[in-house]
Amino acid sequence: MSRSDPSTSFRLGDRTVCRLGYGAMQLAGPGVFGPPRDHAAALAVLRAAVAGGVDHIDTSDFYGPHVTNRLICEALAPYPDRLVIVTKVGARRGEDAAWHPDFSPEGLTRAVHDNLRHLGLDTLDVVNLRLMFSVHGPAEGSLEAPLTALAELQRQGLVRRIGLSNATPAQIAQGRGICEIVCVQNHYNLAHRADDALIEALARDGIAYVPFFPLGGFTPLQSSILSDVAARLDATPMQVALAWLLHRSPNILLIPGTASLAHLHENCAAAALTLSADALGELDRVSGTRPAS
(Lines give C-alpha, C1' and ligand atoms only; values in the text may rest on other atoms or scores of the structure.)
Protein backbone atom coordinates (compact mmCIF):
# COMPACT_ATOMS: atom_id res chain seq x y z
CA MET A 1 0.00 0.00 0.00
CA SER A 2 1.15 3.53 -0.63
CA ARG A 3 0.86 5.80 2.38
CA SER A 4 -1.63 8.63 2.01
CA ASP A 5 -1.70 11.94 3.75
CA PRO A 6 -4.78 12.10 5.96
CA SER A 7 -7.50 13.81 3.95
CA THR A 8 -10.22 15.70 5.71
CA SER A 9 -13.26 13.75 4.55
CA PHE A 10 -14.57 10.51 3.04
CA ARG A 11 -17.83 9.25 1.62
CA LEU A 12 -20.29 7.50 3.92
CA GLY A 13 -23.06 6.29 1.68
CA ASP A 14 -24.46 9.33 -0.08
CA ARG A 15 -22.96 11.73 2.45
CA THR A 16 -19.45 13.08 2.86
CA VAL A 17 -18.22 13.36 6.44
CA CYS A 18 -15.11 14.50 8.26
CA ARG A 19 -12.92 11.51 8.96
CA LEU A 20 -12.78 12.09 12.71
CA GLY A 21 -16.17 11.59 14.33
CA TYR A 22 -17.38 10.68 17.80
CA GLY A 23 -18.49 7.43 19.45
CA ALA A 24 -21.21 7.76 22.08
CA MET A 25 -20.78 4.40 23.85
CA GLN A 26 -18.83 5.81 26.81
CA LEU A 27 -21.65 8.20 27.68
CA ALA A 28 -23.63 5.33 29.22
CA GLY A 29 -22.92 4.07 32.72
CA PRO A 30 -20.24 1.55 33.75
CA GLY A 31 -20.18 -1.47 31.48
CA VAL A 32 -22.20 0.54 28.91
CA PHE A 33 -25.20 -0.02 31.18
CA GLY A 34 -27.45 2.43 32.93
CA PRO A 35 -27.38 6.23 33.02
CA PRO A 36 -24.24 8.38 32.79
CA ARG A 37 -22.35 9.31 35.91
CA ASP A 38 -22.90 12.99 35.05
CA HIS A 39 -25.92 13.75 32.86
CA ALA A 40 -25.04 17.41 32.29
CA ALA A 41 -21.44 16.54 31.37
CA ALA A 42 -22.65 13.98 28.81
CA LEU A 43 -24.82 16.61 27.13
CA ALA A 44 -21.92 19.07 27.16
CA VAL A 45 -19.59 16.59 25.44
CA LEU A 46 -22.09 15.92 22.66
CA ARG A 47 -22.71 19.62 22.07
CA ALA A 48 -18.99 20.41 22.12
CA ALA A 49 -18.25 17.63 19.62
CA VAL A 50 -20.72 18.99 17.07
CA ALA A 51 -19.71 22.60 17.74
CA GLY A 52 -16.10 21.56 17.13
CA GLY A 53 -16.84 20.17 13.68
CA VAL A 54 -17.77 16.54 14.31
CA ASP A 55 -20.40 15.60 11.73
CA HIS A 56 -20.91 11.88 12.35
CA ILE A 57 -21.77 10.19 15.63
CA ASP A 58 -21.77 6.45 16.29
CA THR A 59 -24.36 5.10 18.72
CA SER A 60 -26.82 2.27 19.37
CA ASP A 61 -30.02 1.83 21.31
CA PHE A 62 -28.40 -1.11 23.11
CA TYR A 63 -25.95 1.30 24.76
CA GLY A 64 -27.53 1.74 28.13
CA PRO A 65 -29.89 0.42 26.79
CA HIS A 66 -31.62 3.48 25.32
CA VAL A 67 -29.31 5.84 27.22
CA THR A 68 -26.98 7.26 24.57
CA ASN A 69 -29.71 7.77 21.98
CA ARG A 70 -31.83 9.71 24.45
CA LEU A 71 -28.82 11.83 25.38
CA ILE A 72 -28.07 12.54 21.72
CA CYS A 73 -31.66 13.60 21.13
CA GLU A 74 -31.74 15.80 24.23
CA ALA A 75 -28.42 17.44 23.44
CA LEU A 76 -28.64 17.93 19.69
CA ALA A 77 -32.22 17.82 18.37
CA PRO A 78 -33.30 19.41 16.13
CA TYR A 79 -30.23 18.04 14.38
CA PRO A 80 -27.98 20.09 12.08
CA ASP A 81 -28.41 19.11 8.43
CA ARG A 82 -24.76 18.13 8.20
CA LEU A 83 -24.91 15.63 11.10
CA VAL A 84 -24.94 11.91 10.23
CA ILE A 85 -26.01 9.55 13.03
CA VAL A 86 -24.86 5.96 12.61
CA THR A 87 -26.48 3.32 14.81
CA LYS A 88 -26.31 -0.45 15.27
CA VAL A 89 -28.82 -3.28 15.59
CA GLY A 90 -28.40 -7.01 16.12
CA ALA A 91 -28.11 -7.23 19.90
CA ARG A 92 -30.15 -6.62 23.02
CA ARG A 93 -29.23 -6.19 26.66
CA GLY A 94 -30.33 -8.42 29.52
CA GLU A 95 -31.37 -7.11 32.90
CA ASP A 96 -27.97 -8.30 34.15
CA ALA A 97 -26.26 -6.10 31.49
CA ALA A 98 -25.39 -9.14 29.35
CA TRP A 99 -25.20 -8.78 25.57
CA HIS A 100 -27.46 -11.13 23.59
CA PRO A 101 -27.56 -11.62 19.80
CA ASP A 102 -30.90 -10.65 18.25
CA PHE A 103 -30.84 -11.18 14.47
CA SER A 104 -34.49 -12.15 14.00
CA PRO A 105 -36.53 -10.03 11.57
CA GLU A 106 -38.84 -9.15 14.46
CA GLY A 107 -35.93 -8.16 16.68
CA LEU A 108 -34.30 -6.04 13.98
CA THR A 109 -37.58 -4.31 13.17
CA ARG A 110 -38.15 -3.57 16.84
CA ALA A 111 -34.58 -2.26 17.19
CA VAL A 112 -34.94 0.08 14.21
CA HIS A 113 -38.15 1.51 15.62
CA ASP A 114 -36.55 1.89 19.08
CA ASN A 115 -33.63 3.79 17.54
CA LEU A 116 -35.98 6.03 15.59
CA ARG A 117 -38.09 6.79 18.65
CA HIS A 118 -35.26 7.48 21.08
CA LEU A 119 -33.27 9.55 18.57
CA GLY A 120 -36.37 11.48 17.53
CA LEU A 121 -35.94 10.68 13.84
CA ASP A 122 -38.17 9.55 10.99
CA THR A 123 -35.32 7.84 9.13
CA LEU A 124 -31.99 6.46 10.33
CA ASP A 125 -29.00 7.71 8.30
CA VAL A 126 -26.91 4.52 8.57
CA VAL A 127 -27.69 1.27 10.39
CA ASN A 128 -24.91 -1.23 11.01
CA LEU A 129 -25.86 -4.86 11.50
CA ARG A 130 -23.78 -5.96 14.49
CA LEU A 131 -22.83 -9.62 14.07
CA MET A 132 -22.50 -11.80 17.17
CA PHE A 133 -21.88 -15.33 15.91
CA SER A 134 -19.04 -15.59 18.47
CA VAL A 135 -18.09 -13.76 21.66
CA HIS A 136 -14.44 -13.80 20.58
CA GLY A 137 -14.72 -11.66 17.44
CA PRO A 138 -15.85 -12.08 13.84
CA ALA A 139 -17.09 -15.59 13.03
CA GLU A 140 -18.75 -17.03 9.96
CA GLY A 141 -22.52 -17.22 9.71
CA SER A 142 -25.11 -16.41 7.05
CA LEU A 143 -26.40 -12.84 6.77
CA GLU A 144 -29.20 -13.62 4.33
CA ALA A 145 -32.12 -13.44 6.77
CA PRO A 146 -31.08 -10.41 8.85
CA LEU A 147 -29.84 -8.33 5.91
CA THR A 148 -32.96 -9.12 3.90
CA ALA A 149 -34.99 -7.83 6.85
CA LEU A 150 -32.91 -4.64 7.05
CA ALA A 151 -33.18 -4.15 3.28
CA GLU A 152 -36.97 -4.32 3.62
CA LEU A 153 -36.86 -1.61 6.32
CA GLN A 154 -34.70 0.40 3.93
CA ARG A 155 -37.30 -0.07 1.20
CA GLN A 156 -39.92 1.26 3.62
CA GLY A 157 -37.87 4.44 4.10
CA LEU A 158 -36.95 3.79 7.75
CA VAL A 159 -33.26 3.24 6.95
CA ARG A 160 -31.19 5.14 4.37
CA ARG A 161 -27.97 3.13 4.31
CA ILE A 162 -26.73 -0.19 5.69
CA GLY A 163 -23.34 -1.24 7.07
CA LEU A 164 -21.83 -4.23 8.86
CA SER A 165 -20.06 -4.54 12.21
CA ASN A 166 -17.81 -7.34 13.45
CA ALA A 167 -17.85 -8.98 10.01
CA THR A 168 -15.55 -11.34 8.09
CA PRO A 169 -14.54 -10.75 4.45
CA ALA A 170 -16.85 -13.61 3.37
CA GLN A 171 -19.79 -12.03 5.20
CA ILE A 172 -19.05 -8.65 3.64
CA ALA A 173 -19.05 -10.27 0.19
CA GLN A 174 -22.34 -12.03 0.94
CA GLY A 175 -23.82 -8.80 2.31
CA ARG A 176 -22.89 -6.83 -0.79
CA GLY A 177 -24.83 -9.37 -2.83
CA ILE A 178 -27.96 -8.61 -0.81
CA CYS A 179 -27.80 -4.81 -0.48
CA GLU A 180 -25.34 -1.94 -0.77
CA ILE A 181 -22.89 -1.92 2.15
CA VAL A 182 -21.56 1.58 2.83
CA CYS A 183 -19.28 0.88 5.80
CA VAL A 184 -17.66 -1.87 7.84
CA GLN A 185 -17.02 -1.40 11.55
CA ASN A 186 -14.48 -3.87 12.96
CA HIS A 187 -11.91 -4.08 15.74
CA TYR A 188 -8.71 -2.45 14.50
CA ASN A 189 -5.97 -0.27 15.94
CA LEU A 190 -2.21 0.19 16.00
CA ALA A 191 -1.69 -3.12 17.81
CA HIS A 192 -4.61 -5.12 16.39
CA ARG A 193 -4.06 -5.38 12.64
CA ALA A 194 -5.99 -8.45 11.47
CA ASP A 195 -7.96 -6.40 8.93
CA ASP A 196 -5.03 -4.90 7.02
CA ALA A 197 -5.94 -6.64 3.75
CA LEU A 198 -9.65 -5.98 4.22
CA ILE A 199 -9.05 -2.24 4.61
CA GLU A 200 -7.19 -2.21 1.30
CA ALA A 201 -9.99 -4.07 -0.47
CA LEU A 202 -12.70 -1.77 0.90
CA ALA A 203 -10.67 1.32 -0.01
CA ARG A 204 -10.52 0.17 -3.63
CA ASP A 205 -14.32 0.00 -3.66
CA GLY A 206 -14.86 3.31 -1.88
CA ILE A 207 -16.32 1.72 1.25
CA ALA A 208 -15.63 3.31 4.62
CA TYR A 209 -13.83 1.31 7.30
CA VAL A 210 -14.59 2.35 10.88
CA PRO A 211 -12.32 0.82 13.54
CA PHE A 212 -13.90 0.27 16.90
CA PHE A 213 -11.62 0.32 19.94
CA PRO A 214 -9.24 2.63 17.99
CA LEU A 215 -7.41 3.33 21.25
CA GLY A 216 -7.57 -0.23 22.59
CA GLY A 217 -11.04 -0.13 24.15
CA PHE A 218 -11.22 -1.64 27.62
CA THR A 219 -7.46 -2.33 27.46
CA PRO A 220 -5.83 0.97 26.40
CA LEU A 221 -2.87 0.79 24.04
CA GLN A 222 0.52 0.73 25.73
CA SER A 223 3.83 0.74 23.87
CA SER A 224 7.22 2.29 24.48
CA ILE A 225 7.47 3.02 20.75
CA LEU A 226 4.15 4.84 20.84
CA SER A 227 5.22 6.83 23.89
CA ASP A 228 8.59 7.74 22.34
CA VAL A 229 7.01 9.01 19.10
CA ALA A 230 4.44 10.98 21.09
CA ALA A 231 7.13 12.61 23.24
CA ARG A 232 9.04 13.77 20.16
CA LEU A 233 5.88 15.29 18.70
CA ASP A 234 4.78 16.90 21.98
CA ALA A 235 1.56 14.90 21.70
CA THR A 236 -0.12 12.23 23.78
CA PRO A 237 0.23 8.54 22.88
CA MET A 238 -3.52 8.38 22.17
CA GLN A 239 -3.29 11.32 19.76
CA VAL A 240 -0.50 9.55 17.89
CA ALA A 241 -2.50 6.32 17.77
CA LEU A 242 -5.44 8.18 16.22
CA ALA A 243 -3.18 10.03 13.78
CA TRP A 244 -1.63 6.71 12.72
CA LEU A 245 -5.10 5.42 11.82
CA LEU A 246 -5.83 8.54 9.76
CA HIS A 247 -2.54 8.04 7.91
CA ARG A 248 -3.18 4.31 7.50
CA SER A 249 -5.79 4.58 4.72
CA PRO A 250 -8.00 7.36 3.34
CA ASN A 251 -11.19 5.30 3.82
CA ILE A 252 -10.77 5.04 7.61
CA LEU A 253 -13.30 7.00 9.64
CA LEU A 254 -12.62 7.36 13.36
CA ILE A 255 -15.15 7.34 16.20
CA PRO A 256 -13.12 7.72 19.43
CA GLY A 257 -15.40 7.95 22.43
CA THR A 258 -15.11 9.81 25.69
CA ALA A 259 -17.26 11.29 28.43
CA SER A 260 -14.66 13.99 29.12
CA LEU A 261 -14.50 17.41 27.47
CA ALA A 262 -10.73 17.48 27.89
CA HIS A 263 -10.32 14.11 26.17
CA LEU A 264 -12.74 15.14 23.42
CA HIS A 265 -10.61 18.18 22.56
CA GLU A 266 -7.46 16.03 22.75
CA ASN A 267 -8.93 13.46 20.35
CA CYS A 268 -10.10 16.09 17.88
CA ALA A 269 -6.65 17.69 17.84
CA ALA A 270 -5.20 14.40 16.56
CA ALA A 271 -6.62 15.19 13.11
CA ALA A 272 -4.01 17.94 12.71
CA LEU A 273 -1.06 15.76 13.74
CA THR A 274 1.35 14.91 10.92
CA LEU A 275 3.47 11.77 11.15
CA SER A 276 6.71 11.50 9.22
CA ALA A 277 7.67 8.42 7.23
CA ASP A 278 10.18 7.53 9.95
CA ALA A 279 7.53 7.82 12.68
CA LEU A 280 5.12 5.69 10.66
CA GLY A 281 7.80 3.05 10.21
CA GLU A 282 8.43 2.96 13.95
CA LEU A 283 4.73 2.72 14.75
CA ASP A 284 4.23 -0.12 12.30
CA ARG A 285 6.54 -2.21 14.48
CA VAL A 286 4.12 -2.00 17.43
CA SER A 287 2.06 -4.86 16.01
CA GLY A 288 5.04 -6.72 14.62
CA THR A 289 3.67 -6.43 11.08
CA ARG A 290 3.95 -3.99 8.24
CA PRO A 291 1.30 -3.07 5.68
CA ALA A 292 2.15 -4.05 2.12
CA SER A 293 3.86 -1.33 0.11
**Complete:** Whole-percent carbon and sulfur contribution to the accessible surface of the chain (1.4 Å, no ligands, DNA or RNA) stands at 53
**Message:** Need the C-alpha centroid separation for the stretch 100-124 versus the stretch 15-67, integer Å.
**Reply:** 18
**Asked** Helix 39-51 versus the longest principal axis of the chain: what angle, 0 to 90°, nearest 10, using Cα atoms?
**Response** 70
**Request:** Give the angle, between 0 and 90 degrees and rounded to the nearest 10, that separates the Cα long axis of helix 144-155 from the longest principal axis of the Cα atoms of the chain.
**Result:** 80
**Item:** Segments 259-265, 184-190 sorted - mean Cβ within 10 Å per residue, highest first
**Value:** 184-190, 259-265
**Message:** Springs between alpha-carbon pairs under 10 angstrom, Gaussian network model over the chain: which of Ser227, Ser134, Ser249 fluctuates most?
**Reply:** Ser134
**Prompt:** Measuring from centroid to centroid over Cα atoms, what is the spacing of the stretch 250-271 and the stretch 127-201 in Å?
**Reply:** 23
**Message:** Nearest 10 degrees is fine. How inclined is helix 105-119 to the longest principal axis of the chain, computing both from alpha carbons?
**Reply:** 70
**Prompt:** In terms of modelled amide H atoms, which long-range or inter-chain residues lie less than 5 Å from the amide H of His66?
**Reply:** none
**Item:** Accessible area per residue in Å² at 1.4 Å probe, computed on the stretch 89-178
**Value:** 47
**Prompt:** For the chain, what does -39500 (n - 2.57) per DSSP helix run (n ≥ 4), summed and divided by total residues, give at 222 nm, in deg cm²/dmol to the nearest 500?
**Reply:** -11000 deg cm²/dmol
**Message:** How would the stretch 46-134 be classified by its alpha-carbon gyration tensor: rounded, prolate or oblate, with rounded meaning a/c under 1.5 and the a/b versus b/c comparison settling the rest?
**Reply:** prolate
**Request:** State the antiparallel share, in %, of DSSP beta bridges confined to the chain, rounding to the nearest 5.
**Result:** 25
**Request:** Return, for the Cα atoms of the stretch 122-206, the radius of gyration and Dmax in Å, separated by a comma.
**Result:** 13.1, 41
**Complete:** Karplus-derived 3J(HN,Hα) from phi for the stretch 241-256 (6.51 cos²θ - 1.76 cosθ + 1.60, θ = phi - 60°), whole Hz, x at Gly and Pro, runs 4, 5, 4, 4, 5, 5, 6, 4, 6, x, 8, 7, 10, 9, 9, x
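The values are calculated or read from the model by the stated rules, or taken from the named source; none is laboratory data. Since the model is a prediction, treat every value here as computed from it, not as a measurement. A quick note on method: Cβ atoms are made from the backbone with ideal geometry, for glycine too, and the neighbour counts reach across all protein chains shown. Remember, those area values only see protein heavy atoms, side chains included, never the ligands or the DNA or RNA. Shrake-Rupley method; radii C 1.70, N 1.55, O 1.52, S 1.80 Å.
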